[in-house]
Amino acid sequence: MTSDATAKSLSFNSARFLISASRLEECPPDHGAEVAFAGRSNAGKSSAINTITTNGKLARTSKTPGRTRLINFFSLNRENCRLVDLPGYGYAKVSRDMKDDWQKHLGHYLNDRRCLRGLVLVMDIRHPLTDFDQMMVEWCEHNNLPLMILCTRADKLKFGQAKTAMMGIARKLEDVQCLQHLVMFSATAKTGLDETKDALTAWLEEEQAIQ
Ligand SMILES: Nc1nc2c(ncn2[C@@H]2O[C@H](COP(=O)(O)OP(=O)(O)OP(=O)(O)O)[C@@H](O)[C@H]2O)c(=O)[nH]1
Ligand SMILES: [Mg+2]
């Protein structure tokens with residue numbers, strides 16, 4: 001571990017909005033370590049980031065799907081450590097051109113971003129593993145990128161139902177090698193928060209240690 005890494009412990013409360021990018025060239029320099037949050041539109045990506053950072057106003061959330069149209073970067077209290085809120089995929093109510101444009105930029109980010117250390121896939125525990133989710137899982141598997149899945153809105157189910165849903169999801173993913181964490185999550189009830197933060201810290205610090 002570098003002296004810088006030992007000097008300051010990583011704090012998610014320290015997160016600050018850094019920049020919004022609509023294309024790869026606008027992203028911050030590709031140095032350090034980033035973890036990106038992906039998922040279908042309205043899945044709860046921005047809400048998860050706000051809960052993790054204990055800052056309800058950090059990433060904009062909305063009841064209207066498609067709120068996050070840009071790649072939003074948040075800096076942490078460690079140089080070149082960032083959380084990234086990706087635009088939701090599968091949002092139907094935009095023009096075909098705009099949709100193609102997003103998916104192209106999202107694709108560029110995912111394929112080209114060298115500092116990407118892991119992907120957090122956010123999905124509704126009641127509607128898990130959509131075609132898009134499965135595509136993301138396969139993409140991580142193909143690219144050997146560590147994956148964490150947050151099964152969010154667990155507060156919408158009784159605990160027993162949520163447990164059963166988690167077991168079903170785990171069964172479907174049992175052959176996925178890149179899946180490091182499968183977490184029952186709720187942004188409102190803060191379910192799974194500690195496990196999520198521990199996993200993010202490990203991913204972000206691991207890379208700092210290598211540099
Ligand atoms: N009950 C409950 N509601 C949630 C939870 N997470 C998100 N929501 C709600 O779901 C809606 C969408 O959440 P967002 O965080 O904006 O979703 P997003 O994935 O960022 O959406 P886009 O930016 O449009 O892709 C908001 O009304 C949130 O308040 C959760 O864990 N529990
Ligand atoms: Mg959002």
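What distance in nm separates the simple spin-label points at Lys197 and Lys104, each placed 7 Å from Cα in the Cβ direction?
4.1
With +1 on the Cβ of every Lys and Arg and -1 on the Cβ of every Asp and Glu, and nothing else charged, how large is the dipole of region 145-211 about its Cα centre, in debye rounded to the nearest 20?
The dipole of region 145-211 has a size of about 580 debye.
In the calculated pair distance distribution of region 3-210, what percentage of Cα-Cα distances lie above 27 Å?
Summing the P(r) of region 3-210 above 27 Å gives 25 percent of all pairs.
Choose one of Cys178, Pro29, Ala162: the residue whose Cα lies farthest towards the positive end of the charge dipole of the chain (beta-carbon charges +1 Lys, Arg; -1 Asp, Glu; about the Cα centre).
Of Cys178, Pro29, Ala162, it is Ala162.
Residues with amide H under 5 Å of Val122's amide H, sequence separation 5 or more or different chain, H placed in the peptide plane at 1.01 Å from N; which?
Sorted by chain and number, the residues that satisfy this are Ala38, Gly39, Leu150.
Which percent, nearest 5, of DSSP beta bridges in region 3-210 are antiparallel?
Beta bridges within region 3-210, antiparallel portion: roughly 30 percent.
Tell me, what is the FRET efficiency for Glu79 and Gln134 to the nearest 0.05, using R0 = 30 angstrom and their Cβ-Cβ distance as r?
So the FRET efficiency works out to roughly 0.25.
Pulled fully out, how much extra length does the chain show between His142 and Asp155, if you take 0.36 nm times their separation in residues and subtract their Cα-Cα distance?
Once the chain is fully extended between His142 and Asp155, it gains 1.4 nm.
Can you give the Rg to Rh ratio for region 7-61, taking only C-alpha atoms and Rh from Kirkwood?
0.97
Return the whole-Å distance between the Cα centroid of region 7-82 and the Cα centroid of region 182-205.
So the two Cα centres are separated by 15 Å.
Would you pull out the residues with amide H under 5 Å of Leu18's amide H, same chain only if 5 or more places away, H placed 1.01 Å from N?
Sorted by chain and number, the residues that satisfy this are Phe73, Phe74, Ser75.
Return, ordered by residue number, the residues of region 178-205 whose backbone nitrogen is under 19 Å from a label point located 7 Å along Cα→Cβ of Lys63.
Residues 187-189 fall inside that zone.
Over region 3-210, what is the relative contact order in percent, taking alpha-carbon pairs closer than 8 angstrom and at least six residues apart?
Once normalised by length, the contact order is 24 percent.
Bear in mind these aren't lab numbers, they're just calculated from the coordinates by the rules spelled out. Just so we're clear, the structure is a prediction, and the values are computed from it rather than from any experiment. In this analysis, Cβ positions are derived from the backbone assuming ideal geometry, glycine residues included, and neighbour counts consider all displayed protein chains.
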